[in-house]
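The values are calculated or read from the model by the stated rules, or taken from the named source; none is laboratory data. Only a predicted model underlies this, so the values are computations on that prediction, with no experimental measurement involved. Backbone-built Cβ (ideal geometry, glycine too); neighbour counts: all protein chains shown.
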Amino acid sequence: MIGGMKDFEFQGLPWNVTFGRGAIHRLPGILEQNGLRRALILSTPGRTRHAGLLQSVLGESAVGLFAGAAVHVPTGVVQDACRAARACAADCTVSIGGGSTTGLGKLLRREVGLPQFAVPTTYAGSEMTPIWGETTGKAKRTGRDPQVLPVAVIYDPELVVSLPPAIAGPSALNAMAQAIANISTNPLVGLVAREAIRVLAEGLPRVMHDHGNVDAHAVMLHGACLAGAALGLGRSGLHHRLCHLVGGMYNLPHAETHAVILPHSVAHTAHAAPEDAALIAAALGAGDAASQLYRLLIEFCPRHSLRALGLSEPDVETAIAAADVDPSDAADMRRVLLNALAGSPASSDGRTTSGKKTNL
Ligand code: NAD
């Protein structure tokens, strides 16, 4: 510590971002610059309009389509996608979709070495992180590997106007969670995180009340890009651990799981780290971080508790037992999960914490 400043280390990431209305049409040039001409398109089932648009933009460079991406990236899906990549002799992947599709592209990079070009259509932010996730059976594993970072990211807000509000609201809170986890990681990441929260908080009511507005989606994609950058450069803690634990084990919708847990994980850490809670509240433009996040959950998300997502008390206990952590960590996890299970109002003054400083 020098003059009140904490010591820190920082390493950047080699991002290539193209952001703008109609940016998808720049993709052929981007592939060409990288010497690639045989793209396997990745998408989730049902997103045929986006996959078709990409096929027409890429023309002969689109040599295959794998439309089977699934949430939490199941191992079986990765194996099927690897087979599809080999069958069409792809030299790269172009993913179009949310975090499930981007996540599949990351594992294709890891398994068969194909560089990924990501076109995000939710606010998941995965495209800016070197974090992969994979679910085998009921266990979701995540890890960091600089190799899985997409070679280029193309943000085109025109592709996001189709996002239904019931997906957009939770997706925005998922993005906020990434920035919140990094509010005080170090001065550089904290700056990105605070700006991400500010932009997302400003854009969310706008996009939810005027859903067809491309400019409002551009603001949200801007926030998602920053939030993903904060997570990519920074860290994740208790909140993300809980989301991956119950999400992978019970195959819960990823963004909604983040949205219902976030107010309670923030309330939990606020008592032990009031300075972080104050930074989050300021970025949100609110007096209290946890209660503001709870308000956003109630106003903009369809479901407000883990119980509404189908979980019960015994499910929470099973998940905590599987986490295999020490009793004090288990008590913290239980406290947050039971509050999220009930979906009761969260507040940073709630004194719901053991007082131990835990990274969000
Ligand atoms: P998702 O990718 O599963 O998409 C949710 C639904 O929205 C899908 O049915 C999809 O088809 C649909 N959809 C996507 N874009 C659309 C659009 N523009 N219009 C209409 N429908 C659209 O969900 P998600 O929340 O974006 O991503 C969740 C996954 O991403 C999880 O597996 C999670 O672990 C991963 N993730 C990873 C990171 C990371 O850094 N590695 C970060 C965030 C999320």
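Selection of region 130-149 for residues being free of Cβ contacts under 8 Å to residues at least 40 places away in the same chain, away from the ligand (no atom under 11 Å from the Cβ) and part of a loop (DSSP other than H, G, I, E, B) yields only 137.
Name the helices (runs of 4 or more DSSP H) wholly inside region 43-129 in which the number of residues that are of a type in the set (S, T, N, Q) and more than 7 Å from the ligand (Cβ to nearest atom) is 3 or more.
Numbers: elements: 48-58, 75-87, 99-112.
Of the helices (runs of 4 or more DSSP H) lying wholly inside region 43-129, those with at least 3 residues that are of a type in the set (S, T, N, Q) and more than 7 Å from the ligand (Cβ to nearest atom) span 48-58.
The criterion of at least 1 residues that are over 24 Å from residue 235 (Cα atoms) is met by the following helices (runs of 4 or more DSSP H) wholly inside region 249-360: 289-300, 313-323, 327-342.
Could we say that residue 51 is without any contact (Cβ under 8 Å) to a residue 60 or more places away in the chain and either under 27 Å from the mean Cα position of the chain (by Cα) or surrounded by fewer than 18 Cβ atoms within 10 Å (Cβ to Cβ) (or both) here? Judged against the criteria, residue 51 is a match. Scanning region 150-167 for residues that are among the hydrophobic types (A, V, I, L, M, F, W, C) and within 9 Å of the ligand (Cβ to nearest atom) yields 159, 160, 161, 163, 167. In region 7-32, which residues are more than 21 Å from residue 146 (Cα to Cα) and at pLDDT 95 or above? Selection gives 19, 20, 21, 22, 23, 24, 25, 26, 27, 28, 29, 32. The condition of being surrounded by fewer than 20 Cβ atoms within 10 Å (Cβ to Cβ), farther than 19 Å from residue 69 by Cβ and among the hydrophobic types (A, V, I, L, M, F, W, C) holds for only one of 226, 221, 191, that being 191.
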